[in-house]
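Just below is one structure, and these are the notes that go with it.
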Amino acid sequence: MKNSRNHKSISLIENENRLFESPIKRFTMELHDLLARCLAMIITMTLIARIGSCLDTAVLSEDHALCVDKYVAKSYFSKHDNLVDSNFEDFIAHGMLSSACGNAKFAPKRPALHRKLIGEGSHRRLSSSLRLKMSSEFISRSPKSFEVIIIERLPSGVFADPFELQHLVQRGVFRDAAVFGDTNLELPSFLSNRSLVEVHLEVNSNLTSQQKDELDIHMELPLHARYQPLGHGFSRVKFSSPDLLLRCNVEGKQHGTSCLFLLDKQIAESNDNHPVWEVPCGNREHTEVVTAFTFISAVVSALLIIVASIRYSDNTANNVLKQS
């Protein structure tokens with residue numbers, strides 16, 4: 001009898017627990033479902049806001065919409081591992097479409113570019129002077145701010161130091177600057193890949209000199225030569241014309257809205273814009289002489305270190321004996 005009573009009490013307790021747990025389980029399931037719906041709604045709203053930002057940029061342009069990163073080259077290297085001219089030119093042609101700031105077409109006319117190398121040896125500066133002839137629409141409806149973007153696709157054997165560029169940015173020489181591609185500064189030219197430098201220049205009184213409808217911009221980019229393979233005195237490194245873009249912030253639109261268009265590179269290439277850097281390199285004929293001299297110098301240095309160590313130990317021992 002006692003066992004039956006115990007069984008009945010246990011079953012009653014279990015039924016009470018089940019009745020008590022069922023509302024908690026229902027509440028937990030409903031809470032999970034609600035959280036899942038909220039998360040899905042947040043993701044949807046984020047996507048809608050992103051699409052709306054691009055659509056708002058499209059309203060600024062009569063032709064094409066642009067929704068780009070801070071650095072143009074960042075979009076390219078997110079899809080490609082190395083810098084290949086044909087791939088980058090295709091990216092610029094199809095990804096960076098010409099557009100207008102506001103409702104007025106104001107692309108600069110007849111851009112003139114002059115370039116030269118300054119300095120000697122393995123550390124030089126690439127000087128670029130750009131003159132833009134601004135259209136009447138640009139002068140009458142000038143945006144509240146704009147910047148010139150110069151993209152240098154460096155040839156093999158030349159690199160830019162990203163730390164040096166950031167120092168120039170901190171000093172206010174450049175608005176922004178970044179290096180993409182192979183950023184290993186220690187590799188020789190025959191083991192390294194090409195790199196790309198993107199420089200942003202803010203157009204203001206410090207960087208430009210305006211004469212009527214013309215705009216002059218000057219930039220000096222510090223570059224360094226990698227160790228070249230053995231040759232016959234010099235290795236010729238030829239630069240190609242840079243990619244020139246203009247980014248504008250449109251007045252009267254929401255904060256952060258900007259448009260970007262590519263300057264006419266064919267017109268800019270009409271001048272001699274392909275400077276050649278003759279980088280010093282080792283002479284293959286001197287390999288045996290240099291190897292022998294290096295080996296002899298290493299042996300003599302090792303012997304001198306051994307002799308100096310023996311003399312130092314002898315002097316130390318003599319001093320100890322004298323003190324004792």
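The values are calculated or read from the model by the stated rules, or taken from the named source; none is laboratory data. Since the model is a prediction, treat every value here as computed from it, not as a measurement. Glycine also receives a Cβ, built like all others from the backbone with ideal geometry; neighbour counts cover every protein chain displayed. Side chains included, ligands, DNA and RNA excluded: accessible areas come from the protein's heavy atoms. Shrake-Rupley method; radii C 1.70, N 1.55, O 1.52, S 1.80 Å.
Quick notes
- Checklist (1) modelled with pLDDT of 75 or more; (2) open to solvent by 70 Å² or more (accessible area, probe 1.4 Å); (3) part of a loop (DSSP other than H, G, I, E, B); (4) out of contact with any Gly (no Cβ under 8 Å at 6 or more places or on another chain) applied to N193, failing item: (4)
- Of all residues in segment 101-123, none are modelled with pLDDT of 60 or more, crowded, with 19+ Cβ neighbours inside 10 Å and within 20 Å of the chain's Cα centre (by Cα).
- Restricting attention to segment 69-84, the residues that are part of a loop (DSSP other than H, G, I, E, B) and either farther than 18 Å from S156 by Cβ or touching a residue at least 12 places away in the same chain (Cβ under 8 Å) (or both) add up to 7.
- Those strands (runs of 3 or more DSSP E) of segment 197-297 in which at least 1 residues are at pLDDT 75 or above and among the β-branched types (V, I, T), considering only elements entirely within it, cover 214-225, 234-238, 276-280.
- Among the conditions (1) open to solvent by less than 30 Å² (accessible area, probe 1.4 Å); (2) modelled with pLDDT of 95 or more, P188 misses just one, which is (2).
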